[in-house]
Amino acid sequence: MNFGFTEEQDLLRQEVRKFLDENCNTEEVRKIGETPEGYSKDLWKQIAELGWVGLTIAEAHGGAGLGWVDLVVLLEETGRSLFPSPLLASTIAAAAIGEAGSDEQGVRFLPGLADGSSIATLALVEASDRLGAEGVELAGAPDGDGFLLTGEKRYVADAGNADLFVVAFRVGAGDDGVRLAVVPSDAGGITIENTPSMDLTKRLGNVRFDGVAVAGADVLASAPLSRILDLATAALTAEMIGAAEGATALTVKFTQERIQFGKPIGQFQGVKHPLAEMYVDVESFKSLVYYAAWALDEEHEDASRAVSMAKAYASDAFARIGIDSIQLHGGVGYTWEYDAQLYLKRSKWARSQYGDATHHYERVASLGGL
């Protein structure tokens, strides 16, 4: 069995890396992070033309029709560069439409997401901060063949940049009482509040629905929230791989250049050991993510458990890497001028998204029959 990447996947990685090195170094990341939108529309247009935005969207709808393993390759590199864009949010929302929508809904919504002319995001989490159907309380009252939505979604990725929200709402009790609908961001009754985030490269917002009318044709055919959350969590964790590797590489470079007592500090045992631990942690959760992505593509029965194992390990490990990177940089690690703080902030942001380590370890235990 071949556990390596294909030649096409290696080529994709090289091209993504080359593009980001040439167009979005950390100086550019900082500039983009200071803009109101938090992303570059010019770069968004370019990556859409390169096929990144529609990578996992079916060819019939204008995408490349590739799988989640291919997406992992792409997101590793965007994470390494801390690339600010709605790529992750829109990819996840497109996957939700692809998984839960009908063919007709795919024809209506996915081509615009594939070519980047529209941006979508998943609006799922509410005040309880509980993932899955049990956390959905936003009410959908019957209104002809559609519904009127009333409630609030929180921590919505790129809420202020989205043209479409894929919204989870409740029409009845239990898991079967949850529906998903595609709602335009300019629909009457929607209020979007951008909220502060520690990581300026990742934008969040709260979205209020006050009697928002949703036509029956915009309600997706099914609502497999567990599958959608698994896809979203795997994609996020792929970005965490790249960011953790970026933090490690940055720190290694600094320890090779910082001279103390007449030699680079990287030669001291007290520095070598944490660097080695950072490397081992990254390689460990990287392997877990690769397996999880393969399991999702194959719809393997172990997919959910694999996703939670990867996110649980990554949540703790990336946070440690962010802290250790600051520590090994010494006093300058805390300063705005050095890039170590950018990776620490990304680790803090990513830690709780789609469930923290505790949530996913408990899920692993439950899926394992404990």
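Of all residues in segment 93-103, which are surrounded by fewer than 18 Cβ atoms within 10 Å (Cβ to Cβ), touching a residue at least 12 places away in the same chain (Cβ under 8 Å) and over 20 Å from the mean Cα position of the chain (by Cα)?
S102
Take the residues in segment 136-195 that are of a type in the set (S, T, N, Q) and touching a residue at least 60 places away in the same chain (Cβ under 8 Å), then tell me which one is farthest from L220 (Cα to Cα).
Looking at the filtered set, the residue picked out is N161.
So if I check each of A244, A223, which one is within 22 Å of the chain's Cα centre (by Cα) and farther than 25 Å from R351 by Cα?
On the way: A244 fails: farther than 25 Å from R351 by Cα.
Sole residue among the options that is within 22 Å of the chain's Cα centre (by Cα) and farther than 25 Å from R351 by Cα: A223.
Please note which helices (runs of 4 or more DSSP H) are completely contained in segment 2-117 and include at least 1 residues that are more than 21 Å from A244 (Cβ to Cβ) and not small (G, A, S).
Of the helices (runs of 4 or more DSSP H) lying wholly inside segment 2-117, those with at least 1 residues that are more than 21 Å from A244 (Cβ to Cβ) and not small (G, A, S) span 7-23, 26-33, 41-49, 87-100, 103-114.
Search segment 298-322 for residues that are closer than 16 Å to Y354 by Cα and pair each with any residue that is surrounded by 20 or more Cβ atoms within 10 Å (Cβ to Cβ) and of a type in the set (S, T, N, Q) when their beta-carbon atoms are under 7 Å apart and the residues are at least 6 apart or on different chains.
Within 7 Å, the pairs are V307/T233; A310/T237; K311/T233; K311/T237; A314/T237; F318/S347; A319/S347.
Every residue in segment 268-282 that is surrounded by 13 or more Cβ atoms within 10 Å (Cβ to Cβ) and part of a helix (DSSP H, G or I), please.
V271, K272, P274, L275, E277, M278, Y279, D281, V282
Is it true that some residue in segment 49-59 is over 24 Å from S118 (Cβ atoms) and in the same structural domain as A96 (by TED's automatic domain parsing)?
Looking through segment 49-59, none of the residues is over 24 Å from S118 (Cβ atoms) and in the same structural domain as A96 (by TED's automatic domain parsing).
Could you grab me the full set of residues in segment 130-147 that are assigned to a loop (DSSP other than H, G, I, E, B) and either in contact with a helix residue (DSSP H, G or I) (Cβ under 7 Å, 6 or more places away or on another chain) or buried (at least 17 other Cβ atoms within 10 Å of the Cβ) (or both)?
Across segment 130-147, the qualifying residues are L131, G132, V136, L138, D145.
Looking only at segment 186-223, how many residues end up being touching a helix residue (DSSP H, G or I) at 6+ places or on another chain (Cβ under 8 Å), among the polar types (S, T, N, Q) and within 27 Å of G33 (Cβ to Cβ)?
Qualifying residue count for the region: 4.
I'd like the full set of residues that are more than 17 Å from E239 (Cα to Cα) and surrounded by 16 or more Cβ atoms within 10 Å (Cβ to Cβ), limited to segment 14-36.
E28, R30, I32, G33
The values are calculated or read from the model by the stated rules, or taken from the named source; none is laboratory data. The structure displayed is predicted, hence computed values, not measured ones. No Cβ is skipped: glycine too gets one built from the backbone with ideal geometry, and neighbour counts run over all protein chains shown.
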